[in-house]
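Structure first, commentary second.
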Amino acid sequence: MILKNWQEEKGSAWLYKKVAQHEIDITRKKLFLELAEAAEKQALIWEEKLKKAGKDIPRVYKPDFRTRFVGKLIRIFGVEPIRFILSAMKVRGMSVYSAYQGGSHPASTHLETRHKGLNTAGNFRAAVFGVNDGLISNMSLLLGVVGASVDHRYILISGIAGLLAGACSMAAGEYVSMRSQREFFQYQIELEKEELELYPEEEAAELVCIYQARGVPLSEAKEMASLIVSRPDQALETLAREELGLNPNDLGSPTGAAVASFLSFAMGAFIPLIPFFMNVEEWAVYCMVGLTGAALFVVGSTLSLFTNQSAIWSGLRMLCIGALAGGVTFLMGKLAGAAL
């Protein structure tokens with residue numbers, strides 16, 4: 001446990017330095033370098049405990065595969081898109097990517113907060129879950145049909161139908177959900193716009209209360225609120241963010257969400273079908289189980305990036321869940337086939 005804690009602190013320090021290398025903002029770069037130094041100091045504490053316990057201390061820290069992989073993600077995507085993954089890796093300070101940095105006022109970081117419902121990390125996580133849903137649902141469907149001892153051609157037809165039905169259902173559900181959410185948010189923003197036009201003083205007073213609750217002194221809070229309300233082109237966006245927690249420029253696209261859901265589900269659902277498109281009828285079911293099992297393990301391992309759990313354990317857990325779902329539907333298919 002002591003060695004693990006030492007490795008975690010060294011890993012955090014390593015990632016802090018990677019973030020600092022990628023960061024062009026001087027203030028943020030300084031912050032992450034300071035956090036790296038703090039993590040190194042924490043690692044020294046664990047080193048002392050290792051010495052007292054009579055255990056060997058690695059001469060040179062070598063980041064594990066997960067840490068190196070996240071380091072590559074920083075280099076490819078940047079820091080902000082993967083900040084949730086970094087948070088799971090015990091990298092602190094990610095809140096600086098949520099605060100608005102554009103104002104010249106010394107307390108401008110309190111002015112606005114980005115509420116991006118569809119950021120890169122969120123999209124990636126949703127895509128992984130979509131693939132996982134497709135994998136498990138279509139594999140279970142195929143095993144249920146196999147359990148009923150149906151002809152190879154009907155198995156393939158059932159799988160294709162399951163892929164299309166599931167993908168369309170996912171897309172339709174996501175479209176309706178996103179559309180309803182967007183309409184609700186637009187309604188709230190229109191109300192805010194009307195209130196801003198009718199009584200700007202009251203809106204400024206509400207902002208003052210919000211900023212005071214965040215620890216901003218009363219005089220500064222009044223100055224900030226007055227400045228915001230005096231700029232109608234910026235006031236609505238700021239009020240929507242501060243009072244409603246919404247970003248008018250980032251409400252999400254219902255069509256985009258539907259297409260993404262369709263494609264991710266279809267991608268996962270297609271994997272169990274691959275052996276049935278090949279000329280291996282006698283081994284198609286075994287190939288399907290093996291291929292789907294491998295894909296489930298990869299999906300589970302990928303999700304470990306967001307939980308900081310063992311990639312092997314996460315992969316095996318997902319594999320067991322898929323096996324349970326497939327086993328139940330196979331037995332139900334057997335029973336249905338015998339009854340019919």
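The values are calculated or read from the model by the stated rules, or taken from the named source; none is laboratory data. Since we're looking at a predicted model, the values are computed, not measured. Neighbour counts run over all protein chains shown; Cβ positions are idealised from the backbone, glycine included. Protein only, heavy atoms only, side chains kept; ligands, DNA and RNA dropped before computing areas. Shrake-Rupley method; radii C 1.70, N 1.55, O 1.52, S 1.80 Å.
Open to solvent by less than 30 Å² (accessible area, probe 1.4 Å) and at pLDDT 85 or above, is that true of ALA38?
Judged against the criteria, ALA38 is not a match.
So which residues in segment 180-221 are free of Cβ contacts under 8 Å to residues at least 24 places away in the same chain, over 11 Å from LEU239 (Cα atoms) and in contact with an Asp or Glu (Cβ under 9 Å, 6 or more places away or on another chain), if there are any at all?
Scanning segment 180-221 gives a single hit, GLU202.
Residues of segment 299-316 being more than 17 Å from the chain's Cα centre (by Cα) and open to solvent by less than 40 Å² (accessible area, probe 1.4 Å), which ones?
Matches in segment 299-316: GLY315 only.
Among the residues of segment 59-101, which ones are at pLDDT below 75 and open to solvent by less than 80 Å² (accessible area, probe 1.4 Å)?
VAL96, TYR97, SER98, ALA99, TYR100 - these are the residues of segment 59-101 that are at pLDDT below 75 and open to solvent by less than 80 Å² (accessible area, probe 1.4 Å).
Tell me yes or no: at least one residue of segment 234-245 is without any contact (Cβ under 8 Å) to a residue 60 or more places away in the chain and open to solvent by 70 Å² or more (accessible area, probe 1.4 Å).
Yes, that holds for at least one residue.
Would you say SER104 is modelled with pLDDT under 75 and open to solvent by 70 Å² or more (accessible area, probe 1.4 Å)?
Judged against the criteria, SER104 is a match.
Keeping to segment 1-26, report how many residues are more than 24 Å from the chain's Cα centre (by Cα), surrounded by fewer than 18 Cβ atoms within 10 Å (Cβ to Cβ) and part of a helix (DSSP H, G or I).
5
Check segment 120-134 and report whether any residue there is modelled with pLDDT under 80, surrounded by 20 or more Cβ atoms within 10 Å (Cβ to Cβ) and not in a helix (DSSP H, G or I).
no
Quick one: in segment 299-316, which of the residues that are more than 23 Å from PHE270 (Cα to Cα) and part of a helix (DSSP H, G or I) is modelled with the lowest pLDDT?
PHE306
Return the total of residues in segment 148-160 being of a type outside the set (Ser, Thr, Tyr), open to solvent by 40 Å² or more (accessible area, probe 1.4 Å), more than 14 Å from MET267 (Cα to Cα) and part of a helix (DSSP H, G or I).
So the count comes out to 2.
Quick check on my filter: what residues within segment 43-58 are within 17 Å of TYR16 (Cβ to Cβ) and crowded, with 16+ Cβ neighbours inside 10 Å?
ALA43, TRP46
Residues LEU319, LEU324, LEU331, LEU296: which one is over 17 Å from LEU156 (Cβ atoms), in contact with a helix residue (DSSP H, G or I) (Cβ under 9 Å, 6 or more places away or on another chain), modelled with pLDDT of 85 or more and surrounded by fewer than 16 Cβ atoms within 10 Å (Cβ to Cβ)?
Answer to the selection: LEU331.
Can we say SER177 is open to solvent by 60 Å² or more (accessible area, probe 1.4 Å) and under 30 Å from ALA126 (Cα atoms)?
Against the criterion (open to solvent by 60 Å² or more (accessible area, probe 1.4 Å) and under 30 Å from ALA126 (Cα atoms)), SER177 qualifies.
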